[in-house]
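Just so it is clear, none of the values below were taken in a lab; they were calculated from the coordinates. All values reported here derive from a predicted model rather than from experimental measurement. Reconstructed Cβ throughout: ideal geometry from the backbone, glycine too, with neighbour counts over all protein chains shown.
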Amino acid sequence: MSFFKKLKETISKQTETVTSKFKSGLEKSRNNLTEGLNDLFARYRKVDEDFFEELEEILIMADVGVNTVMELVEELKFEVKRKNIQDPKEVQEVISEKLVELYKGNDLDDESFELKINPDGLTVVLFVGVNGVGKTTSIGKIAHKLKQEGKKVLLAAGDTFRAGAIEQLEVWGDRVGVETIKQAAGSDPAAVMYDAVQAAKARKVDVLLCDTAGRLQNKVNLMKELEKVKNVISREVPGAPHEVLLVIDATTGQNGLVQAKTFRDATNVSGIVLTKLDGTAKGGIVLAIRNELKVPVKFVGLGEQMDDLQPFQAEQFVYGLFGDLIKEQD
């Protein structure tokens with residue numbers, strides 16, 4: 001069975017709502033990529049070095065990242081030679097297959113993309129990221145998702161430095177029906193976390209979602225601050241935080257990758273929340289993050305609605321990018 005057929009079978013087993021969200025959310029990236037690839041496949045009658053050079057340019061323009069593109073193209077060359085592929089259009093399927101392989105890799109299984117939930121009690125999730133990437137909004141939307149799943153959720157307003165951050169988180173808490181633990185602006189974030197953990201324990205909360213400051217001006221201060229917060233949490237809840245989710249704005253492209261590397265160095269990031277993916281034509285940043293950081297993208301922002309922050313699914317992502325090309329194979 002061809003990879004495209006396997007991919008369509010996998011997609012068919014998932015809900016139409018999820019498929020439509022990925023398809024509509026990746027429209028700009030898909031149009032950008034499809035236009036470039038269709039033009040490439042139309043102009044070349046054989047797969048040669050010039051073909052691969054142009055393919056590299058198209059993928060780099062999709063923000064897949066230079067290092068990732070070079071690795072991917074080398075693998076494609078090997079597969080094309082091994083399978084003796086002559087027709088450029090046959091490369092479409094190989095590209096799609098390699099993208100899924102690249103993202104999922106040998107070190108990830110399907111559970112690696114899911115939010116880790118502590119089976120023995122309180123789950124604590126720490127959110128990190130620079131100001132303006134949609135961190136607070138993401139916390140609110142994930143709180144909504146968890147509540148819809150029947151979990152009791154609490155928010156911790158640990159970003160005590162940015163003006164309006166506490167109030168913004170409270171607004172989201174009110175919107176989704178979840179309480180926010182807070183202190184006055186300028187308070188010690190670690191003290192807020194201590195209060196939040198105690199409140200979560202007393203109220204038998206399932207998941208505590210913790211906001212943090214997003215200042216990057218001084219990496220040393222950032223590391224010390226995050227370390228202090230983590231120490232308080234782990235002292236009060238052994239094994240916590242169970243997730244450290246880094247929120248990145250997809251529209252910033254490679255700048256987001258630089259931010260990610262800084263935060264990865266400052267704390268043990270376990271997953272990525274990639275916001276505003278629907279607002280960019282450079283959805284390839286998902287692949288760059290995965291390949292260069294070795295950290296899974298766990299949620300992607302595919303729109304403005306409450307349920308448009310979706311758990312990441314590699315097959316849905318590739319189908320969202322290549323759906324139009326795949327249909328041409330029917």
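General remarks:
- Between residue 90 and residue 202, residue separation times 0.36 nm minus the direct Cα-Cα distance comes to 34.4 nm.
- Summarising the label geometry, the points placed 7 Å from Cα in the beta-carbon direction at residue 20 and residue 231 lie 5.1 nm from one another.
- For the chain, a simple Cβ point-charge model (Lys and Arg +1, Asp and Glu -1, everything else neutral) yields a dipole of about 920 debye relative to the Cα centre.
- Relative contact order [Cα under 8 Å, 6+ residues apart], the chain, whole percent: 27
- Put in order of Cβ neighbour count within 10 Å, fewest first, the listed residues 68, 10, 212 become 10, 68, 212.
- Helical runs assigned H by DSSP (4 residues or longer) give the chain a calculated mean residue ellipticity at 222 nm of -17000 deg cm²/dmol, each run adding -39500 (n - 2.57) before division by the residue total.
- Going from the fewest other Cβ atoms within 10 Å to the most, the residues 47, 128, 66 appear in the order 66, 47, 128.
- Positive-end residue, the stretch 249-330 charge dipole about Cα centroid, Cβ charges, pick of 293, 323, 277: 293
- Considering only the Cα atoms of the stretch 188-330, their convex hull presents on average a projected area of 10.5 nm².
- Taken along the Cα-to-beta-carbon direction at a fixed 7 Å, the label points for residue 82 and residue 175 span 4.7 nm.
- Entry note, the stretch 1-84: relative contact order of 20 percent, from Cα contacts under 8 Å with a spacing of 6+ residues.
- For the chain, with +1 on Lys and Arg beta carbons and -1 on Asp and Glu, the positive-most of 302, 250, 214 along the dipole: 214
- Label selected from (1) 0.99; (2) 1.02; (3) 0.94, the criterion being Rg/Rh (Cα atoms, Kirkwood Rh) as computed here: (2)
- Annotation for the stretch 278-316: trypsin sites (Lys or Arg not before Pro) lying in DSSP loop with at most 12 further Cβ atoms inside 10 Å of their Cβ are 294.
- Here is the list for the stretch 21-87: trypsin sites (Lys or Arg not before Pro) lying in DSSP coil, each with at most 11 other C-beta atoms within 10 angstrom of its C-beta, are 45, 46.
- Rg over Rh, two decimals, the stretch 125-194 (C-alpha only, Kirkwood Rh): 0.94
- Cβ-based charge dipole, the chain, positive-most Cα from 184, 139, 160: 184
- Electrostatic dipole magnitude of the stretch 182-330 [Cβ: Lys, Arg +1; Asp, Glu -1; Cα centre; debye, to 20]: 740
- When the GluC sites (Glu not before Pro) in the stretch 245-315 are filtered for DSSP coil states and for at most 15 other beta-carbon atoms within 10 Å of their beta-carbon, the remaining sites are 304.
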